[in-house]
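Undergrad: This is the structure I have questions about; it appears just below.
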Amino acid sequence: MEFFLNAVLAALNLISHFDPAVYLIAWTSIKISVTACLLAASTAVILGCLAGIKTFPGKRLLTQLLSTLMAMPTVMIGLILYGLLSRQGPLGSLGLLYSETAVILGEAVLIFPIVMNLTMVAVHTADPLLLPTLKSLGANTRQQIQLVLLELKYPIWAAIITGFGRAIAEVGAAMMLGGNIQGSTRTMTTAIALETNKGNFELAMAIGILLLLIAFTANYILNYMQQK
């Protein structure tokens, strides 16, 4: 117990004194996760809204596929992208493996089905008079999407924040695609795993506390959006 308490106190000391190593890792993780979230949301929201307002063959299959992808282990995503981005892979010539871009792609793939599925759910659970009213007023598909996005802005922001929370807590794909390179691809989760294995428990604890604070903030905003 004494060891754990001493480690917590040392971790809080690192955080309060703005240790450069701790905050560099935190900044790298936030930057990668936010970029991946925006990249995924830029298409997932539109496609989710479109799939929500339209009726087409295979819609139920699409919903089941998205639900399956939401539960896919992150190491599986990392494995697939590693095969694509490695030197022997079809995209190996781009030289993206072990770079921030590779980690961003991995997290974006992870987030995409989450944001798209939650956007579809938001459309399906919206006011049942919304879509019939828009159609009766002569709104085309693009106008319907624009107005639905405006009406459902809070649930959609909640979907994006959920995706961010999933990304910043991800470890498997980030480790495989980024290589855990200090100052470049070392995220908070991969740093915790590395520093714990090295026996640097205080630094790992400091990063873990910051990760919990970020997760708490994201969940607080998510609850606010859901209440709206």
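Undergrad: Roughly how big is the chain's charge dipole about its Cα centre, with Cβ charges of +1 (Lys, Arg) and -1 (Asp, Glu), in debye to the nearest 20?
TA: Rounded to the nearest 20 debye, it is 860 debye.
Undergrad: At Leu212 and Leu150, where each label point lies 7 Å from the Cα along Cα→Cβ, what is the point-to-point distance in nanometres?
TA: 4.4 nm
Undergrad: On each of the three principal axes of the Cα atoms of region 1-156, give max minus min coordinate, whole Å, ordered largest first.
TA: So the extents along the principal axes, rounded to whole Å, are 66, 43, 27.
Undergrad: Would you work out the charge dipole size for region 65-169 about its Cα centre, treating the Cβ of every Lys and Arg as +1 and the Cβ of every Asp and Glu as -1, and quote it to the nearest 20 debye?
TA: 140 debye
Undergrad: Just rank Arg186, Arg166, fewest to most, by other beta-carbon atoms within 10 angstrom.
TA: Ordered by Cβ neighbours within 10 Å, fewest first: Arg166, Arg186.
Undergrad: Per residue and in cubic angstrom, what volume does the convex hull of the Cα atoms of region 88-128 have?
TA: So the per-residue hull volume is 80 Å³.
Undergrad: Still on this structure, I have one more. Indicate the gyration tensor shape class of region 87-228 (rounded, prolate or oblate), computed on the Cα atoms with a ≥ b ≥ c the square roots of the eigenvalues: a/c under 1.5 is rounded; otherwise a/b larger than b/c is prolate and the rest oblate.
TA: Verdict is oblate for region 87-228.
Undergrad: Calculate the length of the line joining the C-alpha centroid of region 80-145 to that of region 151-218, in whole Å.
TA: Value for the Cα centre distance between the two parts: 21 Å.
Undergrad: Which of rounded, prolate or oblate describes region 161-226 when judged by the alpha-carbon gyration tensor and an a/c cut-off of 1.5?
TA: Oblate is the answer for region 161-226, as a/c is 1.5 or above yet b/c matches or exceeds a/b.
Undergrad: Find the relative contact order for region 38-174 and round it to a whole percent, using C-alpha pairs within less than 8 Å whose residues are 6+ positions apart.
TA: Worked out over region 38-174, it gives 39 percent.
Undergrad: How big is Rg to Rh over region 1-91, alpha-carbon atoms, Rh as the Kirkwood inverse-mean-distance radius?
TA: So for region 1-91, dividing Rg by the Kirkwood Rh gives 1.18.
Undergrad: Hey, what does the equivalent ellipsoid look like for region 110-179, semi-axes from the Cα gyration tensor as sqrt of 5 times each eigenvalue, largest first, whole Å?
TA: Values for region 110-179, descending: 33, 11, 8 Å.
Undergrad: For region 34-87, what is the Kirkwood estimate of the hydrodynamic radius, computed as the reciprocal of the mean inverse distance between distinct Cα atoms, to one decimal in Å?
TA: The Cα-based Kirkwood calculation yields 13.2 Å.
Undergrad: Another question about this same structure. Take each uninterrupted DSSP H stretch in the chain, measure its Cα extent along the helix axis, and return the ones at 27 Å or beyond whose mean Kyte-Doolittle hydropathy is at least 1.6.
TA: 20-53, 100-124
Undergrad: Here is a further query. Under a point spin-label approximation (7 Å from Cα along Cα-to-Cβ), what is the Ile181-Asn219 distance to one decimal in nm?
TA: Distance between the two pseudo-spin positions: 3.4 nm.
None of the figures in this text is laboratory data; all of them are computed from the coordinates on show. Values in this document were obtained by computation on a predicted structure and should not be read as measured data. So basically every Cβ, Gly included, is an ideal-geometry build from the backbone, and we count neighbours across all protein chains shown.
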